[in-house]
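J.: Pasting a structure here, questions to come.
Every number in this text was worked out from the coordinates using simple rules, so none of it is lab data. Just so you know, these numbers come straight off a predicted model, no measurement behind them. Glycine gets a Cβ as well: all are built from the backbone with ideal geometry, and neighbour counts include every protein chain shown.
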Amino acid sequence: MAYEMSIEVLDGEFPAHLWMEAHGDSLVEAALQCGVVEWRWQRFDWGLVLEIDFAEESGWERFRASTAVQAALDAVPDRYSGLLIYRGKGGSSSTRMPRRPIPRAGAGAVSLEFPTEWVFERATEPPVMQFLH
């Protein structure tokens, strides 16, 4: 059975498809060198997903540790929250079905009270993550 992984890249300072054009070939080349079985690019309104299948988990580990992959992942459009890496298929792996609100009975139908005065505070910039090699 294949070891399936997904890399989601969200739009940020620039569209994710520009990131794919800049780094996509080097990612696929690194995957081929590490024994990839199959790969797929999927584009969405919010960004893109690279789904890659390796024959073994060790292939994924070699791929993830390669310099080309690390450089590509460091260059995603949104440095703070624009990269998701996880096992399995990504994005929209099943048939797309719009979710409809379910009518609530009882306490679920009660309206909530909101404060009359909203206070917004400026968010601090997340700390820069440094990885030791």
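J.: Mind checking which residues of the range 53-64 are over 17 Å from the mean Cα position of the chain (by Cα) and touching a residue at least 12 places away in the same chain (Cβ under 8 Å)? Quick ask: steps written out before the conclusion?
T.: So the first thing to find is which residues in the range 53-64 are over 17 Å from the mean Cα position of the chain (by Cα), and the list is 54-59, 61-62.
Listed by number, the residues that qualify are PHE54, ALA55, GLU56, GLU57, GLY59, ARG62.
J.: Would you check which residues across the range 65-87 are touching a helix residue (DSSP H, G or I) at 6+ places or on another chain (Cβ under 9 Å) and either free of Cβ contacts under 8 Å to residues at least 12 places away in the same chain or aliphatic (A, V, I, L, M) (or both) and list them?
T.: Selection gives THR67, ALA68, VAL69, GLN70, ALA71, ALA72, LEU73, ALA75, VAL76, LEU83, ILE85.
J.: Considering every residue within the range 9-18, establish whether at least one is part of a helix (DSSP H, G or I) and either of a type in the set (S, T, N, Q) or more than 18 Å from ASP78 (Cβ to Cβ) (or both).
T.: No.
J.: Looking only at the range 52-91, which residues are surrounded by fewer than 14 Cβ atoms within 10 Å (Cβ to Cβ), under 23 Å from GLU125 (Cα atoms) and of a type in the set (D, E, K, R)?
T.: Residue satisfying the conditions is ASP74 alone.
J.: Restricting the first residue to the range 32-52 and requiring it to be on the phi > 0 side of the Ramachandran plot, which pairs with a second residue that is in a strand (DSSP E or B) meet a Cβ separation below 7 Å and a spacing of at least six or different chains?
T.: Short answer, once both residue conditions are applied: GLY35/PHE54; GLY47/GLU8; GLY47/VAL9; GLY47/LEU10.
J.: If you go through the range 11-52 one residue at a time, how many are of a type in the set (Asp, Glu) and under 12 Å from VAL69 (Cβ atoms)?
T.: Here the count works out to 1.
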